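The values are calculated or read from the model by the stated rules, or taken from the named source; none is laboratory data. From a predicted model like this one, the values you see are computed outputs, not experimental measurements. Note that we place each Cβ from the backbone using ideal geometry, even for glycine, and neighbour counts take in every protein chain shown. These accessible areas exclude ligands, DNA and RNA; they are computed on the full protein's heavy atoms, side chains included. Shrake-Rupley method; radii C 1.70, N 1.55, O 1.52, S 1.80 Å.
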Amino acid sequence: MNHTLASFAPLLAQLPEGGRNLLWVAGLLFAILVLIVAVIILVNFGRLWLQAWMSNARVRFHELIGMSLRQVHARTIVEAKIMAMQAGVGTDPQTGITTKRLEAQYLAGGNVPRVINAIIAAHRADIDLDFDRAAAIDLAGRDVLDAVRTSVYPKVIDCPDPEKSPRTML
């Protein structure tokens, strides 16, 4: 059943003159309210969305609104996604970096930028590190970026020779 504006015309004609005016005023107020809400949303998220879009980070506008409703700092997530995309690890299906997973890491209390930096460092050092493993290390309370750096440049501890030194312990 196709309802067009012309099919409602007879119904509108039956309304008294004041009722039609009231209907137009209500419609106009509703349109103004929708416009105000759209402008507020655009002001709050437009720049961040444009930054993500220009960086090919694939963050949708409604995801930014959802982050705000879930009390997630959207700028942190978008900047992490941009870092991953610019480093070439954001498009890799093995790393598994998606907006939802970054949000989950943030909500779990993880350090999202540190995890992304660790994945980038591991990728550059040709170390196999996916997002799940990096996030688990981070949520375990360890510094994941330091762990990757230690894998690349192992820490050397000099031990004194017991025959040459009077100290037997470090």
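Using only the alpha-carbon atoms of region 42-130 as identical scatterers, what base-10 log of I(q)/I(0) does the Debye formula give at q = 0.11, 0.19, 0.26 Å⁻¹?
After summing over all Cα pairs, the log10 values are -0.28, -0.81, -1.37.
Mind grabbing the accessible area of Val39 for me, 1.4 Å probe, Å², rounded to tens?
Accessible area of Val39: about 80 Å².
Provide Trp49, Trp24 ordered by accessible surface of protein heavy atoms (probe 1.4 Å), highest first. Before the final figure, lay out the partial values.
Working: Trp49 80, Trp24 190 Å².
So, going from the largest accessible area down, we get Trp24, Trp49.
Give the aspartates and glutamates whose C-alpha is closer than 18 Å to that of Lys100, dropping any in the same chain fewer than 8 places away, or say none.
Correct list for Lys100: Glu63, Glu79, Asp92, Asp130, Asp132, Asp138.
DSSP loop trypsin sites (Lys or Arg not before Pro) in region 61-170 with at most 11 other Cβ atoms within 10 Å of their Cβ, which ones?
Arg70, Arg142, Lys155, Lys164, Arg167
Of Ala57, Gln105, Ala74, which is farthest towards the positive pole of region 29-170's charge dipole, taken about the Cα centre with +1 and -1 on the beta-carbons of Lys, Arg and Asp, Glu respectively?
Ala74
Sort Tyr153, Tyr106 by accessible area with a 1.4 Å probe, largest first.
The residues order as Tyr153, Tyr106, largest area first.
For Leu69, tell me the accessible area in Å² from a 1.4 Å probe, rounded to the nearest 10.
Estimated to the nearest 10 Å², Leu69 gives 140 Å².
Over region 40-170, what is the relative contact order in percent, taking alpha-carbon pairs closer than 8 angstrom and at least six residues apart? List each step's numbers first, then the result.
Working: 120 pairs, mean separation 21.7, N = 131.
It comes to 17 percent, rounded to a whole number.
At 1.4 Å probe size, with no ligands or nucleic acids counted, give the accessible surface of Asp158 in Å², nearest ten.
130 Å²
Where does the charge balance sit around Ile137 when Lys and Arg score +1, Asp and Glu -1, over other residues with C-beta under 13 Å from its C-beta? Could the numbers behind the result be given before it?
Working: positive: Arg114, Arg133, Arg142, Arg149; negative: Asp130, Asp132, Asp138, Asp143, Asp146.
It works out to a net charge of -1.
Counting only heavy atoms of protein chains, what accessible area per residue, in Å², does region 39-170 have with a probe of 1.4 Å?
Spelled out: the 1.4 Å probe surface of region 39-170, per residue, equals 66 Å².
State the three equivalent ellipsoid semi-axes of region 122-169, derived from the C-alpha gyration tensor as the square roots of 5 times its eigenvalues, in descending order and whole Å. It would help to have the intermediate numbers written out before the result.
Numbers: eigenvalues 232, 37, 7 Å².
For region 122-169, the ellipsoid semi-axes come out as 34, 14, 6 Å.
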